[in-house]
Amino acid sequence: NDLLTLWRSLRKTVIFVTHSVFESVYLSQRVVVMSARPGRISAECRVDAAEPRTEEFRTSADYAAFCRKVSAALMPAYEGQGA
């Protein structure tokens, strides 16, 4: 929540690296999925959710759907396809 507050006040682009699907969906307007070595962009998922994000968003059907979309974009890496 502190990062979102800072982003709202500064209105600057923030690049945040995380391994958490849940954190990425909550904090982002766009999630970029990187492949395994060599690291390349393998997918991009837009998170078109209303701002400001609140705790209610984290329990919403929309949040769950965005998390499933990002998780699906990660699946090729787990299946050994290098995504």
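For the reader, a short list of remarks on this structure follows.
- The HN-Hα couplings worked out from phi for segment 32-37 by the Karplus form 6.51 cos²θ - 1.76 cosθ + 1.60 (θ = phi - 60°) are 9, 9, 9, 7, 6, 3 Hz, whole numbers, x standing for Gly and Pro.
- Ligands, DNA and RNA left out, the 1.4 Å accessible surface of the chain is 56% carbon and sulfur atoms.
- With at most 13 neighbouring Cβ atoms within 10 Å, loop trypsin sites (Lys or Arg not before Pro) (DSSP) excluded, longest segment of the chain: 41-83
- Here the 3J(HN,Hα) profile of segment 71-76, calculated from phi with Karplus coefficients 6.51, -1.76 and 1.60 at θ = phi - 60°, is 4, 5, 5, 7, 3, x Hz, Gly and Pro shown as x.
- The chain - percent relative contact order, Cα under 8 Å, separation 6 or more: 27
- Under Karplus coefficients 6.51, -1.76 and 1.60, residue-wise ³J(HN,Hα) of segment 4-20 in Hz, glycine/proline x: 5, 4, 4, 4, 4, 6, 8, 6, 10, 5, 10, 9, 10, 9, 8, 9, 9
- Cut-off under 5 Å, modelled amide H: who pairs with Val33 long-range: Ser42, Ala43, Glu44, Cys45
- Probe 1.4 Å, protein heavy atoms only - accessible area per residue of the chain in square angstrom: 73
- Percentage, to the nearest whole number, of Cα pairs in the chain over 16 Å apart: 53
The values are calculated or read from the model by the stated rules, or taken from the named source; none is laboratory data. All values derive from a computational prediction rather than experimental measurement. Here the Cβ is made from the backbone with ideal geometry for all residues, glycine too, and neighbour counts use every protein chain on show. Just the protein is used for accessible areas: all its heavy atoms, side chains included, with ligands, DNA and RNA removed. Shrake-Rupley method; radii C 1.70, N 1.55, O 1.52, S 1.80 Å.
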